[in-house]
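Nothing in this text is a laboratory measurement; each read-out follows from the coordinates by a stated rule. Values in this document were obtained by computation on a predicted structure and should not be read as measured data. Counting neighbours? That spans all protein chains shown, and the Cβs are built from the backbone with ideal geometry, glycine included.
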Amino acid sequence: MIRKNIILLFFTSLLLVNCGGSDDESQSDDIAPIAYDRAKMLVHWADKIILPAHSSFKQTLIDLDNSTKSFVAVPNQSNLDDIRSKWLISYKSWQHIEMFDIGKSEEIYFKSKMNSYPAFKTRIENNIMLGNTNFDDVSNYSSQGFPALDYMLFGIASDDTNILNKYTGGYDYSNYLTSLVNKMLNSTSSVINDWSDYRTSFISSTDNTASSSVNKLINDFIFYYEKGLRANKVGIPAGVFSGNPLKENVEAFYNKEVSKDLLLNALDSTIKFYNGTSYDGLSSGPSLKSYLTHLNSSKDGSTLAALIASKLETAKSQINMLSNNFINQIESDNNKMLVTYDAIQSVVVLFKVDMLQAFSINVDYTDADGD
Amino acid sequence: MNTSNYLEKKYSSAPLAVFRIGFGLLMCFSIIRFWFKGWIETLYIEPSFHFSYYGFEWVKPLDNYTYILFIICGISAFLVAVGLKYRLSIFFFFLSFTYIELMDKTTYLNHYYLISILSFLMIFLPANASFSIDNLIKKRSYLQVPKWTIDSIKILLTIVYFYSGLAKINSDWLFKAMPLKIWLPSKFDLPLIGENLMQLEWVHYLMSWGGMFYDLLIPFLLLYKPTRIYAFLLVIFFHLFTKVLFPIGMFPYIMIMGSLIFFDSSFHLKIISLLKKIIPINFIKSNHYKIVEIYRLKKPKFIVSIISIFLIIQFLFPFRYLLYPGELFWNEQGYRFSWRVMLVEKVGSSVFKIANKKTGSFFYVNNEDFLTPFQEKQMSFQPDFILEYAHFLGDYYSSNEDQVVEVYVDSYVALNGRLSQRYIDKNVDLYNEKESFKHKKWILPLKDEIKGL
């Protein structure tokens, strides 16, 4: 009797499963799948944001490289002005790709090599003296990239005349300058070249696993916003983590006048990525914001998407109230820096707590059972 | 009169034997699995700081000796399975397993707690009465054991299911389909059902209500003979389905195995005879030992009273939350050890501010300097974790110099898809607050109401 019942139950459930199966198929034929189209989002990220940002960045480096060549050949004031302006253009462009620490970038420690600050002055001077620097050595991360160029173009002497003297007085400084720019160009080329292969696997990795493109890039994005932007550019120099301000830790410490400009570029790139605005700013596509709105997992879902957008704008207006020169700002009124930090921090909470809850993504990979 | 009659009732010893074997083997496998996943290292040895249960601060990982603890635990589980020195083995299993669980509450899981209390219960049960190596050593095997010894396991499992069903009777679970509305759509990568079924709102509601009814009814469907077989098939389906959906480790297998206890002895005798066919027969030939009709407990009154007290505590303990004001899911006072399984979705962010009492200068702590990502995640939304960590930080930063510090926290938590709100009063110096069983007044109330049990 029982056996009969089991058999009956077995076949009924088989039937049910089959029905379910055919239902699913007819559904996917007629109606588009209801899940958010992550593949489309990845394609948009790759083709409209990441790749254009990288190639545009590379162009700025090529310009910088050309200016470097002219400057090294003829180290005069007008060439110095030129290389400085190309450095700034490139540094601003960099702010739009630092967050994409994925694939080759992650593998070669791209962001550490491009933008570890404060620059390690004594180490740089040492490298210049010895020549033949190994830029892949971890201990040289803070003696290369934009912060090292900042030192080379603004910090090696007290004024422009003396800076120019360093370059005319022998080849050591010129050589180091050239090798810095070469290294940056090489790393960038290898990242971009790799993307032509990597793109395929990047856009197909849509799973909800720790290693999938979507989860990794969202984690990278939040990590960048929290560390690269909030902590490095504002929190650490303002003394949030140390008790007393560390003004030598501002970004572009030797130039002094562009820290705010760089921060605004970084925030803009964050806002654009969140909104799904293409790199050229002309179009928009699937984004974290539209994903949040789609999920609408709670009544607050749409509110959250808008709340993040508006808090990012608040952070931007706070930054706009700061002096261009963060060293001055810290010395004269560090409280403004702290208020700015709080405005940026409030979005960290919305990203890490509310957005990740809605996406049901873990903050980085935690390997343990749940119940 | 009735009670003593009940206590005199006998039943076949087979169900206990099968339960013992299943439990021992699953535990042994769990320990090996835990080891192979590298979790002894990442959860117990690598972290420099561990979160303790109140009153058990002295229970800490033992550096590399922690491995020995797991070896003891694994071996005793195996000895339980084969029934060698059963009472001593299950006692050591209980001790070592419970010690492991007490080392760091970051890893708290309801099913670990279940294993702890189940193994405690098993210390007092004659689970080696038959089909055990102890039978060969003592040269006697028992056909029957007091019926209540089997029933005590059934009661415990009934509590587990029924209480986890009761916990689901709340407005978030039933009327907002929360947190399944968050969890299920994130399973879009499941084959067949991920892209469509898991995204549908009615499916979220169906599974919320279904889950509640399942938990409330399944123990009774298992107890009632005509529905038992269907209930068991449902148990298998339910637990394997949740296994597909959620990373819940060994829990499904433990519950499926545990449910076998509800079957009649004929079923268990079949399993035993099947096992006898697999295992070398000579070894277990019945002429090696005398068959005794009834197993008699040595101190029946003592054991019955211990188990009665144990079960009464199990009945009452989950309701201790009623002693605290405020929303249970938010304050988490009386949340653990109460069969609230996969019940809420909670995420937090807690950043600590260390302030110098004299100068008023302050700075924020990088949690990564002291905690693993897993610890930080768990700490960020649980008040007792936040307090313990605040004290650790206070001690750490005041031991540097003879300065007096205050510890504040900037804490935000989101519960079941609500927007995050501030969790802890940012003006309270947590270094000055003591852990206790009293209500923690510095938890800010949830700005919403969840109705229900």
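Taking Rh as the Kirkwood radius, which is the inverse of the mean 1/r over Cα pairs, what is the Rg/Rh value for region A:121-239?
On the way: Rg = 19.0 Å, Rh = 17.3 Å.
Rg/Rh: 1.10.
Quick one: grab the alpha carbon gyration tensor of region A:235-281, order the square roots of its eigenvalues as a ≥ b ≥ c, and give me rounded if a/c is under 1.5, else prolate or oblate depending on whether a/b is larger than b/c. Walk me through the numbers before you get to the answer.
Working: a/c = 5.47, a/b = 1.97, b/c = 2.77.
Note, shape of region A:235-281 comes out oblate.
Helical content alone sets the calculated 222 nm signal of chain A at -20000 deg cm²/dmol, taking -39,500 (n - 2.57) per DSSP H segment of four or more residues and averaging over every residue. Between the Cα long axis of helix A:121-130 and the first principal axis of chain A there is an angle of about 70°, rounded to the nearest 10. Each 5 Å bin from zero up to the one holding the largest Cα-Cα distance in region B:345-432 carries the following percent of pairs: 3, 15, 26, 25, 16, 9, 4, 2, 1. Counted by Cβ distance under 13 Å from B:ASP63, the other residues give a net charge of -1, where Lys and Arg count +1 and Asp and Glu count -1. Cross-link pairs exceeding 29 Å between alpha carbons, from the set A:LYS92/A:LYS247; B:LYS176/B:LYS434; A:LYS311/B:LYS451; A:LYS227/A:LYS311; A:LYS111/B:LYS346: B:LYS176/B:LYS434; A:LYS311/B:LYS451; A:LYS111/B:LYS346.
Each residue of region B:348-358 was assigned a 3J(HN,Hα) from its phi angle through the Karplus curve 6.51 cos²θ - 1.76 cosθ + 1.60 (θ = phi - 60°); the sequence is x, 9, 10, 10, 9, 10, 9, 10, 7, 5, 7 Hz, with glycine and proline shown as x.
Direction-averaged shadow area of the convex hull around the Cα atoms of region A:195-260, nm²? List each step's numbers first, then the result.
On the way: hull surface 26.1 nm².
Computed as one quarter of the Cα hull surface, the answer is 6.5 nm².
Ellipsoid fit via the Cα gyration tensor, region B:142-262: semi-axes of 31, 16, 12 Å, each the root of five times an eigenvalue, largest first. Annotation: amide H of A:GLY239 within the under-5 Å range of A:LEU246, sequence separation 5 or more or interchain, hydrogens built in the peptide plane.
Just the projected area, averaged over all directions, of the convex hull on the alpha carbon atoms of region A:207-371: how many nm²? Provide the component values of the computation, followed by the final result.
Details: hull surface 45.6 nm².
Reported value for the Cα convex hull: 11.4 nm².
Evaluating kT/(6 pi eta Rh) at 4 °C and 1.567 mPa s, with the Kirkwood radius of region B:2-321 over Cα pairs in the Stokes-Einstein relation, gives 60 µm² s⁻¹.
Given the protein assembly as shown, what whole percent of its Cα pairs are spread farther than 51 Å? Write out the running numbers ahead of the final one.
On the way: 96890 of 339076 pairs.
Result: 29 percent of Cα pairs exceed 51 Å.
Computed from point charges on the beta carbon alone (+1 for Lys and Arg, -1 for Asp and Glu), the dipole magnitude for chain A about its Cα centre is near 340 Debye. Give the angle, between 0 and 90 degrees and rounded to the nearest 10, that separates the Cα long axis of helix A:51-73 from the longest principal axis of the Cα atoms of chain A. Relative to chain A, helix A:51-73 is tipped by roughly 10 degrees. Dividing the convex hull volume of the alpha-carbon atoms in region A:32-205 by its residue count gives 112 Å³ per residue. From the Kirkwood radius over Cα pairs of region B:1-101, Stokes-Einstein at 4 °C and 1.567 mPa s returns a whole-number translational diffusion coefficient of 84 µm²/s. According to the calculation over all Cα-Cα pairs in region B:82-203, the P(r) per 5 Å bin from zero is 2, 9, 12, 12, 13, 12, 10, 9, 8, 7, 3, 1, 0 %. Let a ≥ b ≥ c be the square roots of the eigenvalues of the Cα gyration tensor of region A:106-157; is it rounded (a/c under 1.5), or, if not, prolate (a/b larger than b/c) or oblate? Verdict is oblate for region A:106-157.
What is region A:32-205's relative contact order, in percent, from Cα pairs under 8 angstrom and six or more apart in sequence? Kindly include the intermediate steps, with their values, before the conclusion.
On the way: 162 pairs, mean separation 53.6, N = 174.
The value is 31 percent.
Calculation over all alpha carbon pairs of chain A in 10 angstrom steps from 0 returns a P(r) of 5, 21, 28, 23, 11, 6, 4, 2, 1, 0, 0 percent.
In summary, the aspartates and glutamates within cross-link reach of A:LYS260, defined as a Cα separation below 19 angstrom excluding same-chain residues under 8 places away, comprise A:GLU98, A:ASP150, A:GLU226, A:GLU248, A:GLU251, A:ASP268, A:GLU313, A:GLU331, A:ASP333, A:ASP342.
Relative to the longest principal axis of the Cα atoms of chain B, the long axis of helix B:383-400 lies at roughly 60 degrees.
Scalar couplings 3J(HN,Hα) for region B:133-150, obtained by applying the Karplus form with A = 6.51, B = -1.76, C = 1.60 to θ = phi - 60°, are 5, 3, 4, 5, 5, 7, 6, 8, 10, 10, 7, 10, 10, x, 4, 5, 5, 6 Hz; x denotes Gly and Pro. Taking every C-alpha pair closer than 8 Å and separated by at least 6 residues, the mean separation divided by the residue count of chain A gives a relative contact order of 18 percent.
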